[in-house]
Structures are given as C-alpha cells and as structure tokens.
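A.B. asks: Before we start, here is the structure in question, set down as structure tokens.
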Amino acid sequence: MSAPEQADAVEILFQHQYAFVISKIMFTASDLGVFDLLMESKAPLTSVTIAERLGTSPFGMERLLEACVGLKFLQMERKDNQALYGNTDIANLYLAKSSLKSQYHSMKFTSEFVYPGMQYLADSVREGKSQTDRVYGISGKDWIDSLNRSKSGLQKTFMDAMHANWHLFGREMMAAFDLSHFPLVCDVGGCTGACAKEYISFYPNSTVTILDLPEVVEQANNHYVSPQDHQITFYKGDFFKDPIPEADLYILARVLHDWADEKCVQLLTRLHKACKPGGGVLVVEMVLSEDRKGPVRCQLHSVLMLLLTEGQERTSSEYNVLLSAAGFKEIQQKKMSFYDAILARK
Ligand SMILES: C[S@@+](CC[C@H](N)C(=O)[O-])C[C@H]1O[C@@H](n2cnc3c(N)ncnc32)[C@H](O)[C@@H]1O
C-alpha cells in the first residue's frame, strides 16, 4: 500500500469504527431539538443561545454543534468573533422533528432499540438466528409478537419509524409502475397506513384495505388514520392463517424480508389464491445485486434482519423464485433510489 492509500485506509477505518458515534450525535441533536430551534429561528444562533433555549450546558452544546458542522448537519459562520450556527438542507428536511419529511422517529427506533441490540450480533452470527428475546427483553412466537407484547413503548416506536420512512420514498414507489388499473388494493402487513395514503394520493379512485395484526390495527386506528381517510379500511388478522381480503393488487412492503423462504412462499401462495385473474402483487424491498456485493445499505439491513427477524434481504432472482413458487408470473422489477419495486401478475 502506498502512503496516500494507507492514509485513505486509516480514514475509512476511523469512520467505520466511529460510525455509531455519528448515528448517536445525529439522533441526540435531533432529540434535543437543535434542528427545530434553528429551523424556527430566522437567523443563525450562537451555541450559548442554543444551549440556553434548549436547557443544556453551553460547554456540552458547543461540542455537539461543532460535531454537527463536521457532519454537515449544520453550517457555521464567524461574525464579530462569534460562531453562529444554522441548519443545512438535510437538517431542515429530515432531522428537524417538525419537518414534514422528518426521520426523527426512524432514528429514535434505531438509537433506542437497534443500537443496544447490536451487542448480541455475535450471538446471532454464531447461532444463525435472531436474538429478539434479548433485544426486546421479551420472547414471543416471532419477532413481531415480541415487539407487540413489549411494554416499553417499542411497538409504537417501531410503527412511528415505519411511518416516517414512507416520506422518503412513497411517491417514487407509487410511480414505479402504472397501477391505475388496480383500484381495489390490500396492503398486507400495511402497519400505519402510510403506504395506503400514498397509494390513494397517487391513484385517487382507489380504496385500500390494510391487513395487519389486531394490536397493530388498534394503534393505527388510534394514532395514524383519521375519519377523512375514508378510502382506507382495516382488517384485523394473521396473514398466515386468516382469510385474505379480496383485491386487484396485494402490496407487500418490507414484509418478505422479515421471513424465511418457506414462510414467504406460504404467504405468497395465500395471496395468489385470493388474487383475481389479471391481478397482481407489488413487493417493496431493498434488492441485493445478483453478485451480492451491494448496495451496502442492503447488506447492512440483511444483518439487522438476522438480528431481529428470521428473514434476510434477497436478490432479484431470489424474489423471482419465491414469486414463481407461489404461482405468480410476468415478474418485473424497477430499481428505485432506496427501496425497489417488484410487480408480478396472476
Ligand atoms: C416491517 S413491517 C412493514 C410495515 C409496512 N408494510 C411498511 O412498509 O411500512 C411488517 C408488518 O407486517 C405485520 N405483520 C407481521 N406478521 C403479521 C401477520 N402474521 N399477520 C399480519 N400482519 C403481520 C407487522 O405488524 C408490520 O406491520
């Protein structure tokens, strides 16, 4: 290795070793309200003013703000020998809690539940299975059952995180294929209804039934949908056992990656049986490249799936095998910026 190459390698090593510090700084600044304060204030502020308004020590706040400048969450200018801090676009868009596209809840789930759970990763690798009983402090029949039965507010935090992510990719996902000829939709494992809302805003003549577990539907009704969302209905059930509502299109967004191959085929076969001829299934997942070398966000998620579920991220061919085994045909895939879309027909 040449000297410049070695310097690059050390930089990469350092960045990765401290990646969790970056994650915690990003969440802490968001949680303390730094980005909301700077979004509301029309002018940049000093660290002393920010500390005063947010009730922190000036010394601690200055350290946090300087790190946020280095990470490009904040910009800093010097005026009259004073440092003045303001948000960058990424902070205004995604890190302020009050922003429409805020990822605060997604970061909260990662910071409060995924991060402590990572200490069990070596156990997951050794045993080849999830460690949900340790991560969530309660054992259930599967990861989602553990999560729903946890008393620590985890279920709501998880739902908030799922909901927040749709602000990142929802519109793009709806535009992946022309779905206008599928007016009757069932969002299987549809959680808070975030995907259903995106579907209806993109295809206004559609109606969406959300099939999810009773505890999840209760939460969704109480916190995420309102009477104005009259094109959305909920159906409480277990998608492995209970009847599947009738639909032209079944959406499975971020569901298959939670499950082992056999369970995926079981679920897809149930959907195929319920599907009208000409109907289809839309799978939304991060798809691994065929050589399994990336994208890295997909490889990272696959490790999280190992830790928390019985599933994994898959390649396009692997999804084709699962969909074909269930009887689906005409499988098409669209690569999108974050999650990918796969449409298959009956
Ligand atoms: C990873 S989340 C994805 C949620 C949503 N589709 C999204 O993309 O935001 C998986 C969803 O599947 C639901 N789920 C898990 N097991 C289920 C089952 N046996 N029957 C019905 N829903 C289930 C969970 O409650 C959760 O809402």
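A.B. asks: Return the residues of the range 131-148 that are in contact (Cβ under 8 Å) with a residue 12 or more places away in the chain and either away from the ligand (no atom under 13 Å from the Cβ) or over 30 Å from residue 99 (Cα atoms) (or both); say none if nothing qualifies.
C.D. replies: Within the range 131-148, 131, 132, 133, 134, 135, 136, 137, 138, 142, 143, 146 qualify.
A.B. asks: Within the range 151-158, can one find any residue that is within 11 Å of the ligand (Cβ to nearest atom) and part of a helix (DSSP H, G or I)?
C.D. replies: yes
A.B. asks: Looking at this structure, is residue 140 out of contact with any Ser or Thr (no Cβ under 8 Å at 6 or more places or on another chain) and either of a type outside the set (Lys, Arg) or in a helix (DSSP H, G or I) (or both)?
C.D. replies: Answer is no for this residue.
So that you can scan it fast, the table gives a plain yes or no per residue for (1) more than 26 Å from residue 161 (Cβ to Cβ); (2) not assigned by TED's automatic domain parsing to the domain that holds residue 171:
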| site | (1), (2) |
| --- | --- |
| 10 | yes, yes |
| 13 | yes, yes |
| 32 | no, yes |
| 41 | yes, yes |
| 61 | yes, yes |
| 74 | no, yes |
| 90 | no, yes |
| 109 | no, no |
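Per-residue answers, yes or no, for (1) surrounded by fewer than 16 Cβ atoms within 10 Å (Cβ to Cβ); (2) at pLDDT 90 or above; (3) not basic (Lys, Arg):
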| residue | (1), (2), (3) |
| --- | --- |
| 84 | no, yes, yes |
| 113 | no, yes, yes |
| 121 | yes, yes, yes |
| 124 | no, yes, yes |
| 133 | yes, no, yes |
| 169 | no, yes, yes |
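A.B. asks: So residue 330 fits all but one of (1) part of a strand (DSSP E or B); (2) touching a residue at least 60 places away in the same chain (Cβ under 8 Å); (3) of a type outside the set (Gly, Ala, Ser); what number is the exception?
C.D. replies: Answer for residue 330: the failing condition is (2).
A.B. asks: If you don't mind, there's one more thing I want to ask. Hey, among the residues in the range 293-328 that are of a type in the set (Asp, Glu) and closer than 25 Å to residue 133 by Cβ, which one's nearest to the chain's Cα centre (by Cα)?
C.D. replies: 313
A.B. asks: Out of 253, 247, I need the residue that is among the small types (Gly, Ala, Ser) and either over 20 Å from the mean Cα position of the chain (by Cα) or outside the structural domain of residue 140 (by TED's automatic domain parsing) (or both). Which one?
C.D. replies: Selected residue: 247, the only one of 253, 247 that is among the small types (Gly, Ala, Ser) and either over 20 Å from the mean Cα position of the chain (by Cα) or outside the structural domain of residue 140 (by TED's automatic domain parsing) (or both).
A.B. asks: Could you grab me the full set of residues in the range 70-119 that are part of a loop (DSSP other than H, G, I, E, B) and more than 16 Å from residue 24 (Cβ to Cβ)? Full working, then the answer.
C.D. replies: So the first thing to find is which residues in the range 70-119 are part of a loop (DSSP other than H, G, I, E, B), and the list is 71-73, 80-81, 88, 96-103.
Passing the criteria: 72, 80, 81, 88, 96, 97, 98, 99, 100, 101, 102.
A.B. asks: The conditions are (1) among the β-branched types (Val, Ile, Thr); (2) loosely packed, with under 15 Cβ neighbours inside 10 Å; (3) in contact with a strand residue (DSSP E or B) (Cβ under 6 Å, 6 or more places away or on another chain), and residue 296 fails exactly one of them. Which is it?
C.D. replies: Looking at each condition in turn, residue 296 falls short on (3).
A.B. asks: Does the range 175-195 include one or more residues that are among the aromatic types (Phe, Trp, Tyr), surrounded by fewer than 21 Cβ atoms within 10 Å (Cβ to Cβ) and assigned by TED's automatic domain parsing to the domain that holds residue 113?
C.D. replies: The answer is yes; a qualifying residue exists.
The values are calculated or read from the model by the stated rules, or taken from the named source; none is laboratory data. Source: prediction; values computed, not measured. Using ideal geometry, Cβ is built from the backbone for each residue, glycine included, and neighbour counts are taken over all protein chains shown.
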